[in-house]
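Data first, discussion second: the structure below is written as structure tokens.
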Amino acid sequence: MSYRQDKIFSLPLLHLNQWQFDQQVADVFPDMITRSVPGYSIITSMIGKFSQYFVPSHTYIYDLGCSYGSVTSSIIKNLKATDCTLIAIDNSPAMIAHCKKNLQQVITYDNTIHIIEADICDVTIVNASMVVLNFTFQFLSLGKRQQILKSIYRGLKTGGVLILSEKFHFDDHEIQTLFFEMHHNFKLDNGYSRLEINQKRQIIERVLLTESIENHKKILFSIGFTHVELWFQYLNFGSLIALKY
């Protein structure tokens, strides 16, 4: 499947509207996220590898905030267990439409796949061996974050895993400034103009609320996860693994 190049912010905009994962964003999302998020393809690929270690047969896998289905696709390609149920959820109709088309190319009949348009905060997690929040958590309000983590923890089986990928901020001002500037240059190197970078940042920073790695760990431990660690970091982006034992 071909996706268009992200040119959404290439021209000056008179009004910077609220950020939404609408049709315009969905149509260019694979290009947008790989050019904007350092290490995205590595994280997505490795999540599939993690499924080989944590997912037994007859269990559920949840991709919460699935966007166009890259994580679910990676899991399908790597999964060794059979008779599993994979549930991919997103609240954007446009993303769900792209996800369905994308996953048609990798669907097998060893497992059942459900692609659902819904608010992930309304989903009941059951019999889960693996739950993934891949750059989704950061768009939730602070009040909803513990609510959904508690729901995930309750629904995970003993031995289950949560993968939480996020953009982070750092309390150390020098480190925060360094990573901010390097991320800015990362996007420049990937072909974005300063105008595109600045306009998108002004919009997305209104809804994208970052936390520190330390605070993420603290919250996950407080929920009940027994082992929590950062398994990947590239500048101010990374991914945590949390185990329920």
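Around Ile8, under 11 Å between beta carbons, what's the net of Lys plus Arg minus Asp minus Glu among the other residues?
Working: positive: Arg4, Lys7, Lys200; negative: Asp6, Asp22, Asp27, Asp31, Glu196.
Cβ neighbours under 11 Å give a net charge of -2.
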Worksheet item: To the nearest 10 degrees, how steep is helix 93-103 against the longest Cα principal axis of the chain, on a 0 to 90 scale?
Response: 60
Worksheet, complete the sentence: In Å³ per residue, the alpha-carbon convex hull of segment 52-139 encloses 80
Worksheet entry | Percentage, to the nearest whole number, of Cα pairs in segment 176-243 over 19 Å apart | 47
Discussion item. Please compute the volume of the convex hull spanned by the alpha-carbon atoms of segment 1-77 and report it per residue in Å³.
Written reply: 116
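Evaluated at 20 °C with a viscosity of 1.002 mPa s, what Stokes-Einstein diffusion coefficient in µm²/s does the chain have when Rh comes from the Kirkwood expression over alpha-carbon pairs?
Working: Rh = 18.5 Å.
Result for D is 116 µm²/s.
Could you state the accessible area per residue of the chain in Å², with a 1.4 Å probe and every protein chain left in place? Let's see the in-between values first.
Details: 11690 Å² over 245 residues.
Using a 1.4 Å probe on heavy atoms only, each residue of the chain averages 48 Å².
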Worksheet item: Where in segment 201-245 does the label zone of Asp22 land, with the point 7 angstrom along Cα→C-beta and an amide N cut-off under 15 Å?
Response: 203-204
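For His173, His183, what's the largest-to-smallest order of accessible area, 1.4 Å probe? Mind showing how you got there, number by number?
Details: His173 130, His183 15 Å².
So, going from the largest accessible area down, we get His173, His183.
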Discussion item. What's the magnitude of the charge dipole for the chain around its Cα centre, counting Lys and Arg as +1 and Asp and Glu as -1 at the beta-carbon? Answer in Debye, nearest 20.
Written reply: 320
Item to complete: With a 1.4 Å probe and every protein chain left in place, tell me how much accessible area Lys49 has, in Å² to the nearest 10.
Response: 90
Worksheet item: Per 5 Å bin, what percent of the C-alpha pairs of segment 132-245 does each bin hold, from zero upward?
Response: 2, 11, 19, 22, 18, 12, 8, 6, 2, 0
Practice prompt. Calculate how steeply helix 40-54 sits against the longest principal axis of the alpha-carbon atoms of the chain, using the helix alpha-carbon long axis, and give the answer as 0 to 90 degrees to the nearest 10.
Written response: 10
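Tell me, what % of the accessible area of segment 1-103 is carbon and sulfur with a 1.4 angstrom probe?
Details: 2400 of 4600 Å².
Within segment 1-103, the accessible surface is 52 percent carbon and sulfur.
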Fill in: Projected label distance in nm at Lys150 and Gln104, using a 7 Å step from Cα toward the beta-carbon
4.2
Discussion item. Filter Lys7/Lys49; Lys187/Lys218; Lys144/Lys218; Lys49/Lys187; Lys7/Lys167 down to the pairs with a C-alpha to C-alpha distance above 24 Å, please.
Written reply: Lys7/Lys49; Lys187/Lys218; Lys49/Lys187
Response to the item:
Partner aspartates and glutamates whose C-alpha sits under 15 Å from that of Lys200, ignoring same-chain residues fewer than 8 away, are Asp6, Asp22, Asp31
Worksheet item: Taking a 1.4 Å probe, which of Asp189, Asp6, Asp22, Asp31 shows the most accessible area, and what order do the others take after it?
Response: Asp189, Asp22, Asp31, Asp6
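Sort His184, His227 from largest to smallest accessible area, using a 1.4 Å probe on the heavy atoms of the protein chains.
Numbers: His184 35, His227 100 Å².
Largest to smallest exposure gives the sequence His227, His184.
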Discussion item. Given the whole protein assembly as supplied and a 1.4 Å probe, what does the accessible area of Ser151 come to in Å², nearest 10?
Written reply: 20
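Counting each DSSP H run of 4 or more residues in the chain as -39500 (n - 2.57), what helix-only mean residue ellipticity at 222 nm follows after dividing by all residues, to the nearest 500 deg cm²/dmol? Spell out each step's value before the answer.
Working: 8 runs with 102 residues, N = 245.
One gets -13000 deg cm²/dmol as the mean residue ellipticity at 222 nm.
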Worksheet, complete the sentence: Using a 1.4 Å probe on heavy atoms of the protein chains only, the accessible area for Glu205 in Å², nearest 10, reads 100
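The values are calculated or read from the model by the stated rules, or taken from the named source; none is laboratory data. For clarity, every value in this text was computed on a predicted model and none was experimentally measured. Every residue, glycine as well, gets a Cβ built from its backbone with ideal geometry; the counts of neighbours run over all protein chains shown. Remember, those area values only see protein heavy atoms, side chains included, never the ligands or the DNA or RNA. Shrake-Rupley method; radii C 1.70, N 1.55, O 1.52, S 1.80 Å.
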